[in-house]
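A short worksheet on the structure shown next.
Each reported figure results from applying straightforward, stated rules to the coordinates on display, with no laboratory input. These numbers come from a predicted model, not from an experiment. Cβ coordinates were reconstructed from backbone atoms using ideal geometry, including for glycine residues, and neighbour counts include every protein chain displayed.
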Amino acid sequence: MKSREVQLVSRPPGMPTRENFRVVEKDLGYPGPGEVLVRNLFLSVDPYMRGRMRDRKSYVAPFGLERTMTGGAVGQIVESQVPGLFPGEHVLSDFGWREGFCCAGDEVTPLGELQASPSAYLGVMGMPGMTAYTGLFGAASLKDGETVFVSGAAGAVGSIAGQIAKIKGCRVVGTAGSAEKVRYLVDDLGFDHAFDYHDGDLRRQIRDGAPEGVDVFFDNVGGELLQAGIGAMRESGRIALCGAISMYNDTEPAPGPTNLPRTIGLGINIRGFLVRHYRHMRDDFLRDVGGWLIDGQLTYRETVFEGIESTPDAFIGLFTGANIGKMVVRLDEGD
Ligand code: NAP
C-alpha cells in the first residue's frame, strides 16, 4: 500500500501557510511479525500543533523539518501480524498526517465496538472532549448550578465544555467569532447567552450574560478575552487556562492582562492545565461523556475537509475560525 503524507518543510514565523508543508508519497510495504498495517480514515488537526512548529523547548518536542507531521488519527487495520488485532478493527494512533502506516501492535489503541462515528474519537470522545471534561471538573472544580463563561465556545473543546456545564445545571455564557457560531451556541447547544467577540466591549457583553459575575471561566483564547474574563469573575471563582489561541501566531510576546491584581482580593484561582495532567479521570470521562452522547444530552459537530492534500488548509483554518466543532480531515477511503 502507498501512503501520501504531509511534512513540515519550514517553520512559520507567524500565520502558517501552505508553503510550510509538502505532500510526499511512501511505500508502506507489508507488516512484519508483531506489526499491523493501518489505513487512516480521519486525521486530526489541533491548535497545539502550532506550538510544535516552533524550534523552541516546550512541554513537547518541536516537529522535525522534512518529517511527517504527527498527531491523532483514526484508521482501520488492513493487515495484522499481531494476535488479537484483526483486519477491519478501528484504531486510534498518533502517527499523524498520513494515509496509512505500518507499526508495532502496541503503538495503536483499538477502539473496540464504536459508540460514535470513527471521527468522534478525535473530538468529543477523544482528546478535545476529555480536555473539556477535565478542565471543568479537574482544573476548575465545577459545581452544579454555577455561572460559567467559555471563550472559543464553538470549537471542539469549547462546544463540549459549554454543554457539559449546561448538563450540570449551570448558567453558560459563550463567545465565538461569527453570528453563525453565536446562533449555534444559543439555538443548538442551549447556551444562555452568547456573543461575537468582534462586536467590542467584551466586559459588557459578558456582564449581559452573567450579571452576577462568573464562577468558572474556561479560557481557550487568552489575550483580550482573558483580560475581559478576569474582569467578570466573582469571589472564589476559578479560571481554567486551557489555551491561548489568539497568541499562537504572535511574532512578539503579547502584553499580559493588566487586571491580575483583581484576582487577589476576590480569591480567584487561576490554573493552567493539560489534559494529560488528568489521565486518572479517563474512565470517568468515557463513562459520563459516552453516556450523555447516547442519551442525547450532548451533541457534537464537525467541520470536515476532504483528502490528505487539504490537511494544511484544515490546520490553517483553525486560526481563521473556519470550523464549527471539531476540525477533521476525511481521507479518500473514509466513510
Ligand atoms: P477549536 O476551538 O476547535 O478551533 C480553534 C478556534 O479558535 C477557531 O475555530 C476560532 O474560532 C478560534 N480562534 C482562532 N484564532 C482566534 C483568535 N485570534 N481570537 C479568538 N479566537 C480565535 O480548537 P480546539 O481544539 O477546541 O482548541 C481550543 C483551545 O484549547 C486552543 O487554545 C487549544 O490550544 C486548547 N487546547 C488545550 C488542551 C489542553 O490540554 N490544555 C487540549 C486541547 C486544546 P472563532 O471563530 O470563535 O474565532
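Measuring max minus min along each principal axis, the C-alpha atoms of region 1-97 give extents of 45, 27, 21 Å (largest first). Within the same chain, aspartates and glutamates fewer than 8 places from LYS143 are excluded, and of the rest, those with a Cα less than 12 Å from its Cα are ASP215.
If the label point is 7 Å along Cα→Cβ of VAL9, which residues in region 60-79 have backbone nitrogen under 19 Å from it? So the set is 63-70. Can you check what the net charge comes to around GLY64, using other residues whose Cβ is under 14 Å from the Cβ of GLY64 (Lys, Arg +1; Asp, Glu -1)? Summing Lys and Arg as +1 and Asp and Glu as -1 gives +3. Per residue, the convex hull spanned by the Cα atoms of region 127-294 measures out at 112 cubic angstrom.
Bridgeable lysines around LYS2 (alpha carbons under 22 Å apart, same-chain partners fewer than 8 residues away excluded): LYS26.
In the chain, a dipole from Cβ-located charges (positive for Lys and Arg, negative for Asp and Glu) runs towards its positive end, and of ASN220, ALA132, LEU65 it is ASN220 whose Cα lies farthest in that direction. Largest mean-square fluctuation among GLN115, GLN76, GLN205, in a Gaussian network model of the chain whose springs join Cα atoms under 10 Å apart, belongs to GLN115.
Note: relative contact order over the chain, using C-alpha pairs below 8 Å and six or more positions apart, is 18 percent. Shown is the FRET efficiency for ASP313 and TYR30, computed with R0 = 35 Å from the Cβ-Cβ distance and rounded to the nearest 0.05: 0.60.
Subtracting the Cα-Cα distance of ARG18 and GLN81 from their residue separation scaled by 0.36 nm leaves 19.0 nm. Between ARG183 and ARG203, the contour length at 0.36 nm per residue exceeds the alpha carbon distance by 5.2 nm. Put a dot 7 Å past the Cα of LYS168, heading toward its Cβ, do the same for ASP144, and the two dots end up 1.2 nm apart.
Divided by 2.2 N^0.38 Å, where N counts the residues, the Cα radius of gyration of the chain comes to 1.01. Could you state, as a whole-number percent, how many of the C-alpha pairs of region 115-203 are farther apart than 21 Å? Across region 115-203, Cα pairs with separations above 21 Å total 30 percent.
Beta bridges from DSSP with both residues in the chain: antiparallel share about 55 percent, rounded to the nearest 5. If the chain linking SER117 and LYS2 were pulled fully straight, counting 0.36 nm for each residue of separation and taking away their Cα-Cα distance, it would gain 38.9 nm.
Taken about its Cα centre, region 127-294 carries a charge dipole of about 480 debye when Lys and Arg each add +1 at the Cβ and Asp and Glu each add -1 at the Cβ.
For a label point 7 angstrom out from the Cα of LEU266 toward its Cβ, which stretches of region 128-160 have the backbone nitrogen within less than 15 Å? Only 147-151 fall inside the zone, counting backbone N under 15 Å. Site pair THR109 and HIS277 shows an inter-label distance of 2.0 nm when each label is modelled 7 Å from Cα along Cα→Cβ. Shape summary of region 9-64, radius of gyration then Dmax from alpha carbon positions: 15.2, 44 Å.
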